[in-house]
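Notes to accompany the following structure.
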Amino acid sequence: MISRRMMAVYGWLLLLPAISLMAVFTHWPTLTTFYHSLFTTGTVIRSSSFAGLGNYERLLQDPVFMKVMGNTLIFVFGTVPLSIALALIMALWANERLPGKGLLRLAYFTPTILPMIAVANIWLFFYTPEIGLLDQILTSLGGSGHNWLGDPSTVLWCLMATTVWKEAGFFMIFYLAALQNMSPELREAAMLEGTSRWMYFRRVLFPLLMPTTLFVLINSVLNAFKLVDHIFILTKGGPDNASNLLLYYIYQNAFSFFDTNYAATLTVVMLLLLAVVAVLQFGLLDRRIHYR
Amino acid sequence: MKKVQAMHILDGAGAWLLAVLWIAPLLYAFWAAFHPPEFAVNFSLLAPLSLENFVLAWEQAPFARYFLNTFVLVTMILSAQLVLCTLAAYAFARFEFPGREVMFYVVLLQLMVVPEVLIVENYNTLAELHLIDTILGIGLPYMASAFGIFLLRQSFKTVPRELEDAARVEGCGLWGVLFRVYVPVARPTYLAYCLVSISYHWNNFLWPLVVTNSVETRPLTVGLAIFGAPESGVDWSVLSAGTLLAVAPLLLAFFLFQRQFMQSFLHTGVK
């Protein structure tokens, strides 16, 4: 038999490869992000110097940052409820005894499997002014064309529509799994009682699906902060930053403007946002999800 | 009863309307890719089918090389993940050591702070390691995966102690127990994890974009983004063909193994 002490040593040795890689690419960089946010970016003429909270003051005075934060919040809190609502509807339908149920599920889920870059390529066709599909449909209905991605008032909504299209089917599978675990007697009982469908949904299904909803909610919010791939194809953040989101702005600062320390400061904001969601997750989810 | 039937028909109609709406963008891409450019926005049943767009796309960009890069990348990440995550999960599931609980939370932190968020610092680290513009460089931050460790640990924990003891009596050492008892039990989890990992890294874009700057290292997604850039002047039909080329292997795998894919993606909801 192996002694307790040897077991402890083996345990650590088994963990070591994974944990050291993780330390190098997750934990250490998280710490250095905070550290680097306290310095100015060095240039050829002037080397990097300690700036205290200078970068953070700059954040508050940066109109682009303010706009980016506004966009990010609209993007996250616009796409998430819409995707979840659609996901729920899809799941309810995909769970019914409808003809071609398998095909329905397939249609709803397929966008999930595509890379965001490919999705953006496809959607670019729809938004292109005049020759794009959206404008073609509009003009054939007697409307007039519109530069969807060139207009600051519509561009963010276009990004959001594309995102909802890609994400809803993914969230659907969580609802579908939850629905399939529900006992069929519930519905039969409600039917016998003569409960209307809407009442059955509101009073029985929806409350029972609450743990799934909360769970999907947290995960989709976490996810939404990181969805920027389509910006590279559709808008590059424009026009006039109307579709710029936080992670894309970080990318721009680091790799287009070469202002890495400001990018680090922006990353701190991102990390704090994720931390807030994480705290909510522990507070909200862990307490309320376990009643089943 | 009539009312119920009417509702049922209405349900079916709604469900199918949404399904058609949902799949339409993809169908449109197929339409554009398989027809000559003059039919890209002209839907005529008489439009001739053609593979010309695929030929053009294949000639205009080094797709073969991109395919190879993505294949190497995905294989490399997955094999490293399987080894590292198996070892770590084994440690968490069956070894008692001081700091185990704390380390588990330390690992789980990565579920939140994914490598994409840390592109700035990780790029610097990679530069110091002289790994910029290498496929290894794209893969490194993903090899130790908190998600994989978590899933496998959950699965390993379901193994009854008696099974392990029996294997010990039969003369299995620590490695024997891992490979004869734990790994076989966790087979469905491994399958789910593989599918999720493959589709994630096949589709991943931001980090590979940051790290690569040559044809020899670029994965498909980055290649596709360059191919589709307005500067490159390709038309819709060719772009559609290129896009479909890039997604074809994964899409095909998905159509063949739908059930497994959906089951696997369900696991991404780590609880």
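Brief remarks follow.
- Among residues of segment A:1-38, those that are polar (S, T, N, Q) and facing chain B (nearest Cβ under 7 Å), counted: 4
- When the residues of segment B:149-198 are filtered to those that are of a type in the set (Phe, Trp, Tyr) and in contact (Cβ under 8 Å) with a residue 60 or more places away in the chain, the one that is nearest to B:ARG100 (Cα to Cα) is B:PHE150.
- Residue in segment B:122-131 that is within 13 Å of chain A (Cβ to nearest Cβ), touching a Phe, Trp or Tyr at 6+ places or on another chain (Cβ under 8 Å) and either aliphatic (A, V, I, L, M) or surrounded by fewer than 17 Cβ atoms within 10 Å (Cβ to Cβ) (or both) present: no
- When segment B:58-117 is filtered for residues that are touching a residue at least 12 places away in the same chain (Cβ under 8 Å), among the basic types (Lys, Arg) and facing chain A (nearest Cβ under 10 Å), only B:ARG94 remains.
- Pairs meeting the criteria (first residue in segment B:213-228 and in contact (Cβ under 8 Å) with a residue 60 or more places away in the chain, second residue among the charged types (D, E, K, R), beta carbons under 6 Å, at least 6 apart or on different chains) are B:ASN213/B:ASP133; B:SER214/B:ASP133; B:VAL215/B:ARG65; B:THR217/B:ASP133.
- Once segment A:236-283 is narrowed to residues that are β-branched (Val, Ile, Thr) and under 20 Å from the mean Cα position of the chain (by Cα), the residue that is farthest from A:THR43 (Cα to Cα) is A:VAL279.
- If you filter segment B:203-260 down to residues that are among the aromatic types (Phe, Trp, Tyr) and part of a helix (DSSP H, G or I), you find that the one that is modelled with the highest pLDDT is B:TRP207.
- Pairs where the first residue, in segment A:241-253, is at positive phi and the second is in a helix (DSSP H, G or I), C-beta under 7 Å, 6+ apart: A:ASN241/A:VAL64; A:ASN241/A:LYS67; A:ASN241/A:VAL68
- For segment B:134-177, the set of residues classified as in a helix (DSSP H, G or I), of a type in the set (D, E, K, R) and over 21 Å from B:LEU109 (Cβ atoms) consists of B:ARG161, B:GLU162, B:GLU164, B:ASP165, B:ARG168, listed by residue number.
- Applying the set (1) away from chain B (no Cβ under 14 Å); (2) among the β-branched types (Val, Ile, Thr); (3) without any contact (Cβ under 8 Å) to a residue 24 or more places away in the chain to A:THR79 leaves exactly one unmet item: (3).
- Note on segment A:181-292: enclosed helices (runs of 4 or more DSSP H) holding 1 or more residues that are surrounded by 14 or more Cβ atoms within 10 Å (Cβ to Cβ), in contact with a Ser or Thr (Cβ under 7 Å, 6 or more places away or on another chain) and away from chain B (no Cβ under 11 Å) are A:210-224.
- Of the helices (runs of 4 or more DSSP H) that lie entirely inside segment A:44-130, those containing 2 or more residues that are touching a Phe, Trp or Tyr at 6+ places or on another chain (Cβ under 7 Å) and under 26 Å from B:LEU252 (Cβ atoms) span A:63-95, A:101-113, A:116-127.
The values are calculated or read from the model by the stated rules, or taken from the named source; none is laboratory data. Predicted model, so just to flag it, every value in this text is computed and none were measured. We place every Cβ from the backbone using ideal geometry, glycine too, and count neighbours over all the protein chains shown.
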